[in-house]
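Novice: The structure's right below; bear with me while I get my questions together.
Values quoted throughout were computed directly from the atomic coordinates according to the rules given, and no laboratory measurement underlies them. This one's a predicted model, so the numbers in the text were calculated from it and none came from an experiment. Glycine also receives a Cβ, built like all others from the backbone with ideal geometry; neighbour counts cover every protein chain displayed.
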Amino acid sequence: TRVNTGDGRVEGIEFNYVQQLAFLPGRWRGLGTMANWTVLTSAGDYNGLVPALPFKNYLVGLRPRSGNAGLTYDYGRWDLRLMWNFASSYLISLDVSDPSSSEIIGGREQWDFFMRFRLSRPVSVFLDVINLAQDNRARFRGLYRADRQTQTNVFPRSISAGVQVRF
């Protein structure tokens, strides 16, 4: 059941940068770079159920900071990408009886690698490696503290490989 939980406000800004380095000579012209960063602030009144929360940016499910950066290489039959992703900690569920016991997903940084090789126009082989360093993301109740890193959910490395055919 969905419940109207009062008024909320979200404000923010996003920066985005993408550049293909086509001015480079020869095979180097396939290099590219990208980056984006988002900063959000939020506030809500939860219909007066929670008088004061002990943390900022407290709308459920809202990540206050997130960003990506990466290097790409797309030349000839090759398409390679090394990507970095960041997401700050955020509130996932609010305990209105004791806000300091609310559930929070901790921040994370993650590296991913994607490779495609075009055998022909419709056929490619690929290898995707998600979470190269096997970084973990904490999920816990209460305020975010460094000592709660032991309450960690492991997000293991994921490797996918195969053949892609487009019709």
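Novice: Which residues, taken from the range 59-98, are among the aliphatic types (A, V, I, L, M) and more than 30 Å from residue 24 (Cβ to Cβ)?
Specialist: At the first step, the residues of the range 59-98 found to be among the aliphatic types (A, V, I, L, M) are 59-60, 62, 69, 71, 80, 82-83, 87, 91-92, 94, 96.
Of everything in the range 59-98, those that are among the aliphatic types (A, V, I, L, M) and more than 30 Å from residue 24 (Cβ to Cβ) turn out to be 59, 60, 62, 87, 91, 92, 94, 96.
Novice: Given the conditions (1) touching a Ser or Thr at 6+ places or on another chain (Cβ under 9 Å); (2) surrounded by fewer than 14 Cβ atoms within 10 Å (Cβ to Cβ), which single one is not true for residue 38?
Specialist: It fails just one condition, (2).
Novice: Within the range 58-77, is there a residue that is of a type outside the set (Phe, Trp, Tyr), without any contact (Cβ under 8 Å) to a residue 12 or more places away in the chain and assigned to a loop (DSSP other than H, G, I, E, B)?
Specialist: No, the range 58-77 has no match at all.
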